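Comments concern the structure below.
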Amino acid sequence: MRKMFVIFLLALLIPISAYPDVINNYFNFVQSKNLSGIKRVFYNPTPEQLKVYKLVFAAVDQRINNFTIKKRKIFNHKAIVQVHVSTTIIDRFKNRSFTEDNDLVFLLQKQSNNWKIARIMPLADFILKKKLIIAKYALLRISRDTGIKTGKVIYNTAEGGENFLGNNQNSNSYKTNNYEYLGCFRDQGDPFGLRGRDLADFGFGSEKMTPSLCMRECAKRGYRYAGVQYSSQCFCGNSYGKYGKAVNCNMRCNGDKSKICGGTWANSVYNVSHLNVSRIHYGSGVEVNIDRPGSDYKSFNLPYPDYRLCQNACESDPKCMAWTYVKPYTIQGQNARCWLKNATPHSVKNNSCISGIKQATSKNMKTFRYPTINGYRLDWCRKWAQDCGQGAANAFCKRMGFTKAIAFEEDYDIGTKSPTYVIDDGKICNQGFCDGFKYITCAGRRFVIPTKKHEQLHAQSNSKKLNCKDAYKRYVIAYNKLVNLMSKGKGNTPEAVDAKREYDTARNAYANCKNAQNNQTVHYSIDKCAVYQNKQDYISLHYPEYLSSKKHYINLTCSVYMLPKGSRIKAEWFYVLPNKDYPIGEKTVIVNRTSPEDKYVNFRIESDRNWPSGVYRVRITLNGKEVDTIAFKVR
């Protein structure tokens, strides 16, 4: 029992007896001007520190008369030691000398079971730091107990001094009252993304990276842990450590060279579950998971992943009309990126983006959810199959007393369940291909909203128009008769010639009726465009998140209805780069006959090698006018 007690006592004394060794070595190296020795006793010395010692050694000689350890405090692998030292300084240039007595504080850190000097400071400076920390604790206590706001209180050093190492985080955790440092941990996985990472739920890169920036962004999104890596990267998640501990968290932060931001494939990990920050939220008019491709005139990386930076940049730029924020580690690298636009392109579903249109003041703006007219849902087109989207939305907003529509979203194939009202023609569309609006945001008060009497008069005038249903039926019957004869190989018979004449007459009659009724061309449409590699994906309408880079082809299919003969459908393919869209191919299809039934037009682009990973866009135009744009990802 006595032997065990002696061993236990010696174990307690080992770290204490180690303090004089490192401090004694330091003074010996200073006196002998041993720069390499100075480098060995410091924990991760910086070139700037060594340069100062080199200059001092060149200017003066120092003789250490004596030193005394007055106080010491142990914090696991860290320690604070107060030393009184008497030194004689000999000025080599002016040939004079003087003796100084100083009280110094050595902040020590263990490295590979050896004590190293992390920092040296005068006792007065150390006491001042403690007073500042105590004052910050007091301010925070007052704020919590009384509810009085005392300003933002940030501190990275605990009252006793155990968190003095802002430049080392390789081992041992420490706590403040708002976050906890957990240590240095290995990482691996996708170097350009989040797959396989230790902290794989969210990440971003920034040239202004600091631990506090990373912790704040992770906590805002509700994650428990934050990890800084490789000076400029931040990762978030709800678990950590699956690859084990690391010992190379020694890289300085890009945003603050006095702090450490992990290392090569190594995260400095923090628990931020108790960090007091406001959670991320999306304001009015912000389009989450929406891209607005095209009309870009400026793009730039953001210092941290906050869509409001992009939104504010657009609001402050007179040229900007819309914006798109690209989330980090998705489709354009590790940095969050902002795209400013000088127009308002159509919205496209994209989980990697957040978009918006420059907002008017709240009193001059109103959003109409599922807009209706005369009890019917508003149709997607201003006229029958013409001036769709923006044109119909603008006409609706003007009817509601605003100047224009600044945002809207299409609601597909609603005609059978919710018939739509064509705003200029007054026609009702009750077919499966009829589209409407999910919402329209109008801006700019123009005049008094029309009364119900005006709308009734408009509906009455439309009801007097011609009915072309009979003409359309005769047209369909003639078409089916002609197709049936041709499919049986009777295209050159007198019966087929008569059927062709009958078909032409019925088609012209239907077209003339529509022109007389609506003063427009025959209703036609091109929609349901989709990009895919497996035919079954298009049939089932279940598309994968990524297309395969190893399949050397990509298909595009669109549904067409009543397209006039000679219509030109063109597909242009682009590979999306940070500053521009790089064209990779195009193909044009010419419609050879008009069909009253849904038909499909197919495009295929092929490559003799693997597709580069990234984002692609395909632009579909009809007779030179854009009708759709599809963005897709390849991996």
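The values are calculated or read from the model by the stated rules, or taken from the named source; none is laboratory data. No experiment lies behind these values; they were computed from the predicted model shown. Cβ sites come from the backbone with ideal geometry, for glycine too, and all protein chains shown count toward neighbours. The accessibility values were calculated without ligands, DNA or RNA, using every heavy atom of the protein model including side chains. Shrake-Rupley method; radii C 1.70, N 1.55, O 1.52, S 1.80 Å.
Quantify, in whole percent, the carbon and sulfur part of the accessible surface of region 253-315 (1.4 Å probe; protein heavy atoms only). Summing carbon and sulfur atoms, their accessible area is 46 percent of the total for region 253-315. For region 213-255, trypsin sites (Lys or Arg not before Pro) are listed when DSSP marks them as loop and at most 15 other Cβ atoms sit within 10 Å of their Cβ; the list is 221, 242. Taking a straight line from the alpha carbon of residue 327, these aspartates and glutamates sit under 15 Å away, with near neighbours fewer than eight places off in the same chain left out: 201, 217, 287, 291, 306.
Among the GluC sites (Glu not before Pro) in region 207-302, those located in a DSSP loop and surrounded by at most 11 other Cβ atoms within 10 Å of their own Cβ are 207. Checking the cross-link pairs 208/259; 473/500; 110/257; 417/438; 383/427 against a 18 Å limit on the alpha carbon distance flags 110/257 as lying beyond it. Accessible surface for residue 412 stands near 150 Å², nearest 10, in the context of the full protein assembly shown (1.4 Å probe).
Calculate, in whole percent, how much of the Cα-Cα pair population of region 321-445 lies beyond 18 Å. Kindly include the intermediate steps, with their values, before the conclusion.
Values: 4290 of 7750 pairs.
More than 18 Å apart: 55 percent of the Cα pairs in region 321-445.
Close amide H partners of residue 261, meaning residues 5 or more places away or on another chain with modelled amide H under 5 Å apart, are 231, 251, 252, 253. In this structure region 378-447 gives 37 Å² per residue of accessible area when probed at 1.4 Å with all protein chains present. Computed from backbone phi with θ = phi - 60° and the Karplus coefficients 6.51, -1.76 and 1.60, the 3J(HN,Hα) list for region 215-229 is 4, 4, 5, 5, 5, 4, 9, x, 8, 7, 10, 10, x, 9, 8 Hz; x is used for glycine and proline.
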